[in-house]
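Notes follow the structure.
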Amino acid sequence: MTLTPARRTPSPGRLVLATTALLSAASLVAACSGPPRNGSDQADVQLSATTPTAKGDIDSFTWATYAEPPTLDYVQAFDYPQNTILSNVCESLMRWTPQLTLAPGLAEKASNPDPATWVYDLRSGVHFHDGSVMTADDVVYSLGRQTAPDNAAAWAQTFQNVDSVTATGPLQVTVKLKRPDSQFPQYMATAAGVVAAKAGVESAGKDYGTTGGLDCTGPYLLGAWAKGQSIELERFDDYWGTRAKAGKVVFRFLTDPSARTNAMLSGEVDGGYLIPTESYDRLKRTGPGTLYFGEGLSTVNLNVTNLRGVLGDVRVRRALSLSLDRSGFVKTGLAGAGTVTGSLTTRAAWAGAPDEVRQAAFENLTPTAQDVEQAKALIKEAGAGGKTVTVATSTIGQDVSLLATAVQSAGARIGLNVRLKTIAPNAFTALFTDPEAREGLDLFPETYYDSVTDPLDLLANFKTGAYQNFGGHTDPAYDDLVDRATAEYDPAKRAAIEAELQQTASRQLLWIPVAEWPTALFLNKRITGAPTTISYMYYPWAADVGAAR
């Protein structure tokens, strides 16, 4: 899935999979095994596997977010602000754990009796926030909203191979696929697999997600929403899993990076994810808490949104890439907490692939060293000298603004006129959901996070008609590779196809890769327990936060 530029409690037990010869339990575990769990060096930071376990309950804690969600409707949960909050209120059939592995969620068992069938056996006695009990009908209704044309769901692509979703028992749902789909069962741990009460959603109508309750099953329920200021979550005492440690969570919308940092330093807020990179040093030195880094499955890229204009010529894209100072951006824009890359996918996303496949995926990718003279030659060859490229920028944080400025500087070196268009932090989410918001743009900085631990999550974006294929790229050969990888349940065989996709995307430079970037998390000395990984987008992380002492 994607992010905005700048996307328990209970011990779930063992994932039970009834399988065919095409998909064994071992193969699914390998496919979703996640990155190594031991700390590993990334630039000059040390990745932490987790934060210390909370020692007790607290009345409440306050969390900083850089923007207000436009909605909390799960079908539109496609960015950081929505998912950071929603992950604690609404739960999915499966669960992405803090270790970035797949585990049972509202379904205590997932089975695959044949390649085109997935059966989900639901937990019994799970209550929605309105007090009603979850049934298979609620699941069928909730998944059906993802494909309803009127909803324009951000997750509709996940269901492209779904033929039917039916209740085959009071607590059993069967999904019939048009063809085998290795990605569908993984995405059931994201917002694509969220289950809400049918009666509650229908009662709210068009207001669902913006007023009133969400009628989900998570450890917190939606409380007061002060538009433009904050959202409160209240502990749900009838939660089926382990009770949340904090009675209330308050999310403050602080669009200015300095205001977010000052709020953390002063204790006005207790913590936050997506820490402004310009604040890393202050938060590490001043001592009000701890700044952690964890696995993010995230790459910083330049999303090419217009292939009909100047950037439609791959020579121009290559020239811009060759003239970009990636090392300078990592040093300043990411405060040194990142690594230069020519890959659109992170190395951690390939953790389950055989060594030789990983090597094939990462060899001879987009060059990362500057070569201004070659770039100038490409611009001249393409006849693009003096032409204009428009890039979005924002005050979300210096990672966004400095990357946009770096692109402008790169263009100036090679004779391109790069124009910056400033977009407010609250409006940046619209770049992912509203074609009109992208009108007039050729590029925007995007930190892309994988929503599952599989490189196809990113690489499928360049298939014809894909949700994030904003530039309108189309290539039948590429589409065929995506279809083959999607249909392949064996993780090693799938990774080999994905390596071909990675090489193709690199040659065509469909997005311009810049850097890998870990997740940043700040906790003051009062609280602990939040995961350090990108899992917080779909895992009910706030329920684990409690007293540090």
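The values are calculated or read from the model by the stated rules, or taken from the named source; none is laboratory data. Because the structure is a prediction, the values reported are computed rather than measured. Here Cβ is always computed from backbone atoms with ideal geometry, including for glycine, and neighbour counts include all displayed protein chains. Accessible surface areas use protein heavy atoms only, side chains included; no ligands, DNA or RNA. Shrake-Rupley method; radii C 1.70, N 1.55, O 1.52, S 1.80 Å.
Other residues within the sphere of radius under 15 Å centred on the Cβ of V140, judged by their own Cβ, net out at -2 (K and R +1, D and E -1). Ignoring lysines fewer than eight residues from K387 along the same chain, the ones with Cα atoms less than 27 angstrom from its Cα are K376, K421. Seen through its C-alpha gyration tensor, with square-root eigenvalues sorted a ≥ b ≥ c, segment 405-480 comes out prolate because a/c lies at 1.5 or above while a/b is bigger than b/c.
For segment 220-300, the normalised intensity computed at q = 0.12, 0.13, 0.20 Å⁻¹ comes to -0.47, -0.55, -1.03 (log10 of I(q)/I(0), Debye sum over alpha carbons, equal scatterers, no solvent).
Each 10 Å bin from zero up to the one holding the largest Cα-Cα distance in segment 335-389 carries the following percent of pairs: 18, 32, 27, 19, 3.
When peptides 538-547, 276-285 are ranked by their average number of other Cβ atoms within 10 Å per residue, the highest-first order is 538-547, 276-285.
Note down the net charge around R549, summing +1 for each Lys or Arg and -1 for each Asp or Glu among other residues with Cβ under 11 Å from its Cβ. Its environment carries a net charge of +3.
What does the charge add up to near T390, with Lys and Arg as +1, Asp and Glu as -1, over the other residues with Cβ less than 12 Å from its Cβ? Let's see the in-between values first.
Values: positive: K387, R419, K421, R438; negative: E439, D442.
Every neighbour counted, the sum reads +2.
Pairs of Cα atoms nearer than 8 Å and 6+ residues apart set the relative contact order; for segment 55-163 it is 18 percent.
The helix-only estimate of mean residue ellipticity at 222 nm for the chain, built from DSSP H runs of length n ≥ 4 each weighted as -39500 (n - 2.57), is -7500 deg cm²/dmol after division by the residue total. Per-residue packing, averaged as other Cβ atoms within 10 Å, sorts the ranges 477-490, 156-169, 443-456 into the order 443-456, 477-490, 156-169, beginning with the highest. Peptides 201-210, 329-338 ranked from most to least packed by the mean count of surrounding Cβ atoms within 10 Å: 329-338, 201-210. Show which lysines lie in cross-link reach of K206 when reach means a straight Cα distance below 30 angstrom and same-chain residues fewer than eight apart are skipped. K206 reaches K176, K198, K227, K248. So for segment 367-518, considering every pair of alpha-carbon atoms, how many percent are separated by more than 21 Å? Value for segment 367-518: 54 percent of Cα pairs lie more than 21 Å apart.
Per residue, how much accessible area does segment 208-360 have with a 1.4 Å probe, in Å²? Before the final figure, lay out each step's value.
On the way: 5400 Å² over 153 residues.
Solvent-accessible surface per residue comes out at 35 Å².
Normalised by 2.2 N^0.38 Å, where N is the number of residues, the alpha-carbon radius of gyration of segment 115-263 equals 1.19. For percent of Cα pairs over 39 Å apart, computed directly from the structure shown, the correct entry in [x] 33; [y] 30; [z] 22 is [z].
Using the 2.2 N^0.38 Å rule of thumb for compact globular proteins, work out how segment 327-429 stacks up: its C-alpha Rg over that value, please.
Values: Rg = 16.6 Å, N = 103, 2.2 N^0.38 = 12.8 Å.
Normalised by 2.2 N^0.38 Å, the Cα Rg of segment 327-429 equals 1.30.
An ellipsoid equivalent to segment 473-549, defined through the eigenvalues of its Cα gyration tensor, has semi-axes of 39, 17, 10 Å when rounded to whole angstrom and sorted largest first.
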